[in-house]
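Structure first, then comments.
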Amino acid sequence: MPKKKTNPAFLKMAQMPLKPSPQLAEVLGSPAPISRPQVAKKVWAYIKKHKLQDPKKRREIVADEKLKPVFGKARLDMFQMTKAISKHLKKIG
């Protein structure tokens, strides 16, 4: 099976630094510009560190006081998380 080519524009966009909102910066630990993949990585690290995944429904994230302003609610399905987080990221420039 031939290897699928990755769109270079997509790769460039994924690595573009974005400015997090003050609420998201609180979760990330820094207000510095960061790429979208790094945001996802750090948010997941935060969720795992604070044991915020529902033990019975592993797809659900139970937001603590820092994540509630980012998610907009107390519980969120992991597949809705990206949409909620992208509202807290702005392009620079």
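The values are calculated or read from the model by the stated rules, or taken from the named source; none is laboratory data. Predicted model, so just to flag it, every value in this text is computed and none were measured. Ideal geometry is used to build each Cβ from the backbone, glycine not excepted, and the neighbour counts take in all protein chains shown. Note: areas computed on protein heavy atoms with side chains; ligands, DNA, RNA excluded. Shrake-Rupley method; radii C 1.70, N 1.55, O 1.52, S 1.80 Å.
Taking all Cα pairs closer than 8 Å and separated by 6 or more residues, the relative contact order of the chain comes to 29 percent.
At an R0 of 41 angstrom, the distance between the Cβ atoms of residue 53 and residue 5 translates into a FRET efficiency of 0.75. Within the chain, the percentage of alpha carbon pairs spaced more than 16 angstrom apart rounds to 56%.
For the peptides 75-81, 65-71, the ranking by packing is 65-71, 75-81, with the highest mean count of neighbouring Cβ atoms within 10 Å listed first. Here the chain is assigned +1 on the Cβ of each Lys and Arg and -1 on the Cβ of each Asp and Glu. Its dipole about the Cα centre then comes out at about 400 debye.
For residue 51, give me every one of the lysines with a C-alpha distance below 25 angstrom, ignoring sequence neighbours fewer than eight places off in its own chain. Straight-line reach from residue 51, under 25 Å: 41, 42, 66, 68, 73, 83, 87.
To the nearest ten degrees, helix 36-49 and the longest principal axis of the Cα atoms of the chain are 30 degrees apart.
With a 1.4 Å probe and every protein chain kept in, tell me what percent of the accessible surface of the chain is carbon plus sulfur. It is 60 percent, rounded to a whole number. Multiplying the residue separation of residue 45 and residue 60 by 0.36 nm and removing their Cα-Cα distance gives an extension gain of 3.9 nm.
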